[in-house]
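Here the structure comes first, spelled out in structure tokens, and everything after it is commentary.
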Amino acid sequence: MSEYKTIDVAATQMLDKAKEIGFLTTFDRAKAQEPRCTFGNTGICCRICLQGPCRILPKKPGGNKGVCGAMDYTIVARNTVRYIAGGAAAHSDHGREIAETFLHVAEGKVKDYKITDTDKLMRVAKQIGVETEGRDIMAIAKDVAMLALQEFAEVDESKELTWITKFSNETRNQKFRDTTIMPSGINLSLAKLLHQTHIGVDADPVNIIFGGLKAALSDVAGEHLATDLSDILFGTGVPVVTEANLGAIKADKVNIALHGHNPLLSQVVVTAAKEMQEEAKAAGAAGVNLVGICCTGNEVLMREGVPIATNFSTQELAIMTGAMDAMVVDVQCIMPSIRTAAECFHTKIVTTMPIMKIPGAYHFAFDEQHAMDSAKKIIRLAIEAFKNRDKDKVCIPNIRNTVVAGFSLEAMYNIFKKINPESPMKVVTDAIAAGEIKGVAALIGCNNLKGTHDFNHTTIAQELAKNDVLLLATGCSAQAHALAGLMNGEAVKKYAGEGLKKFHARLNAAAGLTAELPLMFHMGSCVDNSRVQDFATAMANEMGVDNADIPFVVSAPEAMSEKAVAIGAWNVAYGNPTHVGVIAPTVGSQLVNDVVTKIAEDVFGGFFFWEPDAHKASARMVEILEERNWKNAMRKKARDAREASK
């Protein structure tokens, strides 16, 4: 039994290699951090002014409040919503960068990008109210881009975010208005929240939480427009068959890992790599091989079928194979330690964004005017590194699993339409009404080494599938399933309950794909969670109920980043029960913890619950789905009785 806390055999092999050469990985660093600070873990450490840090000591006179007099509930609420602000800033800045490039494409100012999916452009334009009839494609694209950028710049608080109001149903929109959390501008919401949580401003925990929820809705707006515009630029995902795990790295090829979250440069690297295979062969390689890590990996997997090497917690281990010639990183979830790992080998670390640099790494500044030139320079750097590779250091685990991915909402609708052309989502809601499946679960989020790497992700997926729950997946959670071999048709046979198997068999018969559909549908990166919410909203619309009534749950089994907090918060606001597999830093205040785990359900229909035990968490989610189905059945029975009595 390995001393390392991971279920991934390939990762275990690389961790043993790291130990042999004396490299301390994130697993070692996580262990060295124990025991964790109880004040920080529970959220009762305040560091927002220079009088602190203040720690709440309930039984100590004077220590039961911060220096300024802030109670535990104020401190915990402020800390929590500042996580949301950080996460929303990350997602929305990603969206803003996409929107700026999109505008420049529409204006004809860049040569390396183009409108790829005109059908989606027209759908999005119509949805957000841009006139399309008889107009030039680029004129339509420019109006869409301007509306997207206005989402960030709006300062009129009487306005409402377009990417919220136009993609949510009216019951949710009204709920957001009634609770004063409907945002008007993304940047405005984030700035006001940071002001609200400055020392000496808001001390009311409920008011602070509502400010956080407004920022969380700004997060989903930024996610949604980022996904929409990326699909229009690079293509909307369609089903692809590829592979996952470290075995996707090839000993005879120039290996380049695409890592981070922003597809603007990585997508061009994919294009350039197709053109530069002969250059790699001239250097003695069999070609160029691209692999993905984290959400940039998910982006190019969805659109190009690029295989997944690994996910967040094991990113260093791709370098440990000794065959990684370059790792290209943009923003978010990139460990600074990859540069240290690269020093043990020949690997070149390449940063590409002005806000993300690592000392000692190469920096190819992303420039939309010269994106292809930069991509080719990066690939040539990797080819040169390949020439210096020490073959004696190469050790690639012979582990890979088949992955069927690329399930954008449009791709799923295309399958559903083959069964019900008029009402695609009715395929799902009818299966629920018939008792074939219990509902839908979205498996999302990060890795967190407070537990065993990937265990909660895969265990929850298996337990829910056994109980006939239809599974959607995004982010590093999706990659956990891919690495473990759960994202293919064989996993359906092995883990799905009888009802879910029948549902999949019906979809397979209609889909007509070359590969069987997987146990869970990979819907993209963490920014693509907007696709998941669109799926839930379509369910609510088809069932004729509010979002808070549909049999739909969300699980972040190993939540880690601020982005995960923002995503979880807007899921709660949308009415989705949301499981988190780590104890959140809200338990230091009973009041705040009760608000987010209990009172939130009364207001929004959604709520958080914390449960590190994967089996208990799965059982609770099944209970929630069954309870919602029972309530819907009782409502239908009452309606039918009223109709019969007329």
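The values are calculated or read from the model by the stated rules, or taken from the named source; none is laboratory data. All figures in this text were calculated on a predicted structure; none of them were measured in a lab. Cβ sites come from the backbone with ideal geometry, for glycine too, and all protein chains shown count toward neighbours.
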Helices (runs of 4 or more DSSP H) enclosed by segment 440-536 - at least 1 residues per element that are within 27 Å of Thr296 (Cβ to Cβ) and either without any contact (Cβ under 8 Å) to a residue 60 or more places away in the chain or β-branched (Val, Ile, Thr) (or both): 455-466, 475-483, 489-495
Test: residue in segment 91-107 that is surrounded by fewer than 22 Cβ atoms within 10 Å (Cβ to Cβ) and outside any helix (DSSP H, G or I): yes
Leading residue by the ranking (surrounded by the fewest Cβ atoms within 10 Å (Cβ to Cβ)) among those in segment 419-443 that are among the aliphatic types (A, V, I, L, M) and over 25 Å from the mean Cα position of the chain (by Cα): Ala434
Filter result for Gly87 (within 30 Å of Ala411 (Cα to Cα), free of Cβ contacts under 8 Å to residues at least 60 places away in the same chain and small (Gly, Ala, Ser)): no
The lone exception for Val238 - which of (1) buried (at least 24 other Cβ atoms within 10 Å of the Cβ); (2) aliphatic (A, V, I, L, M); (3) within 22 Å of Ala515 (Cβ to Cβ) it fails: (1)
Among (1) touching a residue at least 40 places away in the same chain (Cβ under 8 Å); (2) part of a loop (DSSP other than H, G, I, E, B); (3) closer than 22 Å to Glu562 by Cβ, the one test that Asn41 misses: (2)
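Val76 - would you say it is in contact (Cβ under 8 Å) with a residue 60 or more places away in the chain, among the β-branched types (Val, Ile, Thr) and in contact with a helix residue (DSSP H, G or I) (Cβ under 6 Å, 6 or more places away or on another chain)?
Values: in contact (Cβ under 8 Å) with a residue 60 or more places away in the chain: yes; among the β-branched types (Val, Ile, Thr): yes; in contact with a helix residue (DSSP H, G or I) (Cβ under 6 Å, 6 or more places away or on another chain): yes.
Answer is yes for this residue.
Based on this model, can you work out whether Ser189 counts as hydroxyl-bearing (Ser, Thr, Tyr) and farther than 21 Å from Val527 by Cβ?
Against the criterion (hydroxyl-bearing (Ser, Thr, Tyr) and farther than 21 Å from Val527 by Cβ), Ser189 does not qualify.
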Residue check, Phe416 assigned by TED's automatic domain parsing to the domain that holds Cys476, surrounded by 15 or more Cβ atoms within 10 Å (Cβ to Cβ) and modelled with pLDDT of 95 or more: yes
Boolean, Pro397 is assigned to a loop (DSSP other than H, G, I, E, B), touching a residue at least 40 places away in the same chain (Cβ under 8 Å) and not acidic (Asp, Glu): yes
Selected residue [in contact (Cβ under 8 Å) with a residue 40 or more places away in the chain, surrounded by fewer than 20 Cβ atoms within 10 Å (Cβ to Cβ) and closer than 26 Å to Leu265 by Cβ] from Leu121, Leu190, Leu149, Leu194: Leu149
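Quick grid of which residues meet (1) within 28 Å of the chain's Cα centre (by Cα); (2) assigned by TED's automatic domain parsing to the domain that holds Met523; (3) at pLDDT 95 or above; (4) farther than 30 Å from Ala619 by Cβ:
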residue: Lys377; (1), (2), (3), (4): no, no, yes, yes
residue: Ala411; (1), (2), (3), (4): yes, yes, yes, yes
residue: Gly445; (1), (2), (3), (4): yes, yes, no, no
residue: His453; (1), (2), (3), (4): yes, yes, yes, no
residue: Thr459; (1), (2), (3), (4): yes, yes, yes, no
